[in-house]
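Accompanying notes for the structure given below.
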């Protein structure tokens, strides 16, 4: 099972974005994004996921859907 943070990191890296760039585009602190990606913060809010998904140009559901 892939955690939300792992999915965010994978998509961010696939798009060639740094945490700094994602932070600037989403308005979410770099330290918070880093803690999500490292699975320290395992329960980000829906608002946070929406902001990250917009910054990454993907649907928010991508972070929470079961992967086949």
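Structural remarks
- Label point 7 Å beyond Cα of residue 35 along Cβ direction - residues of region 1-29 with amide nitrogen under 20 Å: 3-10, 19-29
- Between residue 3 and residue 17, full extension at 0.36 nm per residue minus the direct alpha carbon distance yields a gain of 3.1 nm.
- Values (1) 4.1; (2) 4.5; (3) 4.7 are given for comparison; mean projected area of the Cα convex hull in nm², derived from the coordinates here, is the one labelled (1).
- Calculated [θ] (222 nm, deg cm²/dmol) that DSSP helices of n ≥ 4 give over the chain, each run adding -39,500 (n - 2.57): -16000 deg cm²/dmol
All of the numbers you see were taken from the coordinates with simple rules; none came from a lab. Note that the structure is predicted; figures quoted are calculated from it, not measured. In this analysis, Cβ positions are derived from the backbone assuming ideal geometry, glycine residues included, and neighbour counts consider all displayed protein chains.
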